[in-house]
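Down below is the structure, laid out as structure tokens.
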Amino acid sequence: MKVLVYQAHPGAPHSEANKAMDVATDAVEGIEFVDLYATYPRFDIDVEVEQARLLRSDAILFQYPLFWYSTPSIIKEWQDLVLEHGFAYGSGGDKLTGKIWSMGITCGAPEEAYGAEGYNGFALRTLLTPMEQTARLCHMTFLPPYVLYGALAKREAHGLSPHAEGWRRWLIALRDDQVDLTKAGACDVIQAEDLNEVIR
Ligand SMILES: Cc1cc2nc3c(=O)[nH]c(=O)nc-3n(C[C@H](O)[C@H](O)[C@H](O)COP(=O)(O)O)c2cc1C
């Protein structure tokens, strides 16, 4: 599969977790990588260029730190502009049919913070339903996100390597069609320790 990674981090110089993922991405041949904030510092997203990227890709991954239970704002801007009627949805809007939509998300809060009993009140997958439904409206296959919980504590403990190494494995497996899409699709989220279960 041709894999496209849209990375979005508005505070790139302060990033550690996403930076480690970027280094991992760089080590995988054949991935198209777009740093959205670096490419469009004034948010002047080139719709034609981005739609062309989508057309030549089979799996589209958004990689970002969770910000206020959502994406950094440039990803929302990208969605608003690029996923046009007649291209992504609506009459004649079938250009993304069958492509994979997924994410690589780092969360500052620990896993136990997510869920009805946790201080964030909702499961991460519940918070991601707008992304999931957007993929569905665009006739795409939503694959659960590859997630790092507790990113801030892991930064302090210099414990980011397993996540970054897992991201490298995940990209290679997607590229080489080695992901068991049925098993992966049945997960809520995929963490580094789950990869052996979902990669053939
Ligand atoms: C404006 C802002 C909002 C944030 N919102 C959340 C959030 O809703 N949930 C969460 O778990 N972490 C949240 N965080 C923490 C980031 O997700 C965390 O710092 C990031 O994933 C670490 O990755 P990095 O090292 O690449 O920056 C937020 C951080 C900032 C600056």
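Of the residues making up segment 5-50, those that are within 24 Å of W170 (Cα to Cα), in contact with a helix residue (DSSP H, G or I) (Cβ under 6 Å, 6 or more places away or on another chain), more than 15 Å from the ligand (Cβ to nearest atom) and without any contact (Cβ under 8 Å) to a residue 60 or more places away in the chain are F33, E50. Just a yes or no: is a residue in segment 48-64 within 19 Å of A109 (Cα to Cα) and at pLDDT 95 or above? Yes, segment 48-64 contains at least one residue that is within 19 Å of A109 (Cα to Cα) and at pLDDT 95 or above. When you scan segment 179-187, do you find a residue that is in contact with a Gly (Cβ under 7 Å, 6 or more places away or on another chain), at pLDDT 95 or above, of a type outside the set (V, I, T) and surrounded by fewer than 19 Cβ atoms within 10 Å (Cβ to Cβ), even just one? Checked segment 179-187: no residue is in contact with a Gly (Cβ under 7 Å, 6 or more places away or on another chain), at pLDDT 95 or above, of a type outside the set (V, I, T) and surrounded by fewer than 19 Cβ atoms within 10 Å (Cβ to Cβ). Residue count for segment 173-191 satisfying the condition of being under 24 Å from A151 (Cα atoms) and either aromatic (F, W, Y) or in contact with a helix residue (DSSP H, G or I) (Cβ under 8 Å, 6 or more places away or on another chain) (or both): 7. Considering S91, S57, the condition of being farther than 29 Å from Y149 by Cβ, among the small types (G, A, S) and not in a helix (DSSP H, G or I) is satisfied by S91 alone. The numbered conditions (1) within 17 Å of E111 (Cα to Cα); (2) assigned to a helix (DSSP H, G or I) are all true for D188 except (2).
When each of G108, G104 is tested for being touching a Phe, Trp or Tyr at 6+ places or on another chain (Cβ under 7 Å), surrounded by 14 or more Cβ atoms within 10 Å (Cβ to Cβ) and at pLDDT 95 or above, the lone residue that passes is G104. For segment 74-96, how many residues meet the condition of being exposed (fewer than 14 other Cβ atoms within 10 Å of the Cβ) and either under 18 Å from R42 (Cβ atoms) or of a type in the set (A, V, I, L, M) (or both)? Qualifying residue count for the region: 2. Screening segment 73-100 for residues that are closer than 30 Å to R155 by Cβ and of a type in the set (S, T, N, Q) and picking the one that is farthest from the ligand (Cβ to nearest atom) gives Q79. Taking the criterion of being away from the ligand (no atom under 12 Å from the Cβ), part of a loop (DSSP other than H, G, I, E, B) and among the hydroxyl-bearing types (S, T, Y), no residue of segment 101-150 qualifies.
The values are calculated or read from the model by the stated rules, or taken from the named source; none is laboratory data. These numbers were taken from a predicted model, which means no experiment stands behind them. All Cβ positions, even for glycine, are placed from backbone atoms using ideal geometry, and neighbour counts span all protein chains on display.
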